[in-house]
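The values are calculated or read from the model by the stated rules, or taken from the named source; none is laboratory data. The structure presented is a predicted model; accordingly, all values stated were derived computationally and were not measured. Cβ atoms come from the backbone with ideal geometry, glycine included; neighbour counts cover every protein chain shown.
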Amino acid sequence: MSSVVESKPETDQQNVYFRCIAGCTAKHSIFDVIYTCPSCGSLLEVHHEREPLKRKNAYQWQQLFDSRASTSIWPYGSGVWGLREWVIPSLADENVVSMFEGNTNLFWAERLGKQLGIPDLWIKLCGNSHTGSFKDLGMTVLVSVVKQMMARGSSVQAVACASTGDTSAALAAYAAYAGIPAIIFLPAGKVSTAQLIQPVANGAHVLALDTDFDGCMKIVQEVTKDNSIYLANSMNSLRIEGQKTVGIEIVRQFEWEVPDWIVIPVGNLGNISALHKGFQLMIDLGLINRMPRLVAAQAAKANPFYESFKNGFKEKITMTAQDTLANAIRIGDPVSYDKAVKAIVESDGIVEQATENELAAAAAHADLTGMFTCPHTGVALAVLSKLVKKGVIKSSDKTVVISTAHGLKFTDFKVGYHESTLADVTSEYANPAVHLPANADAVKAEIEKRLKR
Ligand SMILES: *Cc1c(COP(=O)(O)O)cnc(C)c1O
Ligand SMILES: [Zn+2]
């Protein structure tokens, strides 16, 4: 095993910087409070100059990353910071805010895969994480950068976001871990206890406003204008740097082999952009020689990206998203649209959709093979099964489904399904508990009936 040392918080700032995705040439420090291009208003991205990274060859990078994976050496035990040189190299050890996120299990879904007709099916369980979703991968990066900014005298005093779910949970947890105040904006009366309780428990300032989600977004943008409060919503491209590690991690877990397909549920389109960015970096540095085909899975009730794909991305479709069980992807005007179009085009990808009934059935079916899927993962699995039926994904293809959150965060969805009370859903796999008298004969008869002996 090669050395895990190689700590080099050298000032790499001229090689890693924010740049405009629309091509404006200015470079901006990632430690500046800046979210969009000052010239044209487009999103920024963190760009890594390739030449300095080519000082190591592909094999040396693989060895280095393999040697760090799942160790307890600070900060490399994190799946994100184990790839430090490819994430934010100029972050000092003491400013890394990490709970050793990432390194989530990628497992062979043998029974489900066989039932769906694709035996080489794998699930990347990103919900096995501190706050129960992949959002932790991005927040460790964003909060670490903020910690370094504050340590070096920036005017930033707090971090803030508008979110009803996984983003606010991740922000609140990482801010609490770092001792940085977090402010969470939520629409009053429109949020479930489960969505509220993580930031509440982590001591965030939870502000419930008399408006809807878009109204909260307007207020948070207003409040973060004066640079003392740092905006953590997904227009902030630092989160992408952490999230891009998931694709690199999948390939590492496959001994540096590229799967044929990756299916991922999408809403604001940050995560699929991140996935693509990680693969592009591996290709540029020679670790792999092809992209997997990426499949963006949308809920039919909130499907602007699907509609845009259908028109060949000629124009960006936006809409008012309808209510869906997959509420973390209930987004009608996705922020990272341009980046995601690039991801689909360059990976020869596909966008497909799933109805409420399809996503609920796919989740329940997967649960019967030992999983406990969130509704978003249900969307991905429903889309997967459609593409297999259409013959687009072939029976011999190696396919990974990104499971984005832990099913335990969505118990209302599970309970509703098995009690057959969900709107637009026929609970064909409902398995409600049966109530019996405390009588051995009645119990034996019931077991007999169920096991059909
Ligand atoms: C945020 C989220 C998504 C969607 O990711 P985007 O980057 O918004 O496309 C999917 N699933 C879950 C569980 C999420 O929290
Ligand atoms: Zn620009």
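Odds and ends about this structure:
- Some residue of region 259-280 being away from ligand 1 (no atom under 16 Å from the Cβ) and farther than 21 Å from LEU125 by Cβ: yes
- Yes/no for VAL400 being assigned to a helix (DSSP H, G or I), touching a residue at least 60 places away in the same chain (Cβ under 8 Å) and farther than 23 Å from ALA302 by Cβ: no
- Restricting attention to region 170-197, the residues that are over 13 Å from MET217 (Cα atoms), at pLDDT 95 or above and within 16 Å of ligand 1 (Cβ to nearest atom) add up to 5.
- Filtered residue count, region 281-295, keeping only those that are aliphatic (A, V, I, L, M) and in contact with a strand residue (DSSP E or B) (Cβ under 9 Å, 6 or more places away or on another chain): 3
- Checked against the criterion of being within 16 Å of ligand 2 (Cβ to nearest atom) and more than 16 Å from GLN253 (Cβ to Cβ), the candidates VAL97, VAL46 yield just one match: VAL46.
- Criterion applied to ILE21, ILE30 was being touching a residue at least 24 places away in the same chain (Cβ under 8 Å), within 16 Å of ligand 1 (Cβ to nearest atom) and surrounded by 18 or more Cβ atoms within 10 Å (Cβ to Cβ), and the one residue passing it is ILE21.
- The criterion of at least 1 residues that are more than 16 Å from ligand 2 (Cβ to nearest atom) and surrounded by fewer than 18 Cβ atoms within 10 Å (Cβ to Cβ) is met by the following helices (runs of 4 or more DSSP H) wholly inside region 241-339: 270-284, 304-310.
- Region 43-63, residues that are surrounded by 14 or more Cβ atoms within 10 Å (Cβ to Cβ) and over 20 Å from VAL16 (Cα atoms): GLN62, GLN63
- Flag for LEU196 being part of a helix (DSSP H, G or I) and within 25 Å of ALA321 (Cα to Cα): yes
- Residues located in region 276-323, provided they are among the charged types (D, E, K, R) and within 19 Å of the chain's Cα centre (by Cα): LYS277, ARG293
- When the residues of region 403-428 are filtered to those that are part of a loop (DSSP other than H, G, I, E, B) and not hydrophobic (A, V, I, L, M, F, W, C), the one that is nearest to ligand 1 (Cβ to nearest atom) is THR404.
- Residue, farthest from ligand 2 (Cβ to nearest atom), within region 17-41, restricted to residues that are over 22 Å from ASP226 (Cβ atoms) and under 23 Å from the mean Cα position of the chain (by Cα): TYR17
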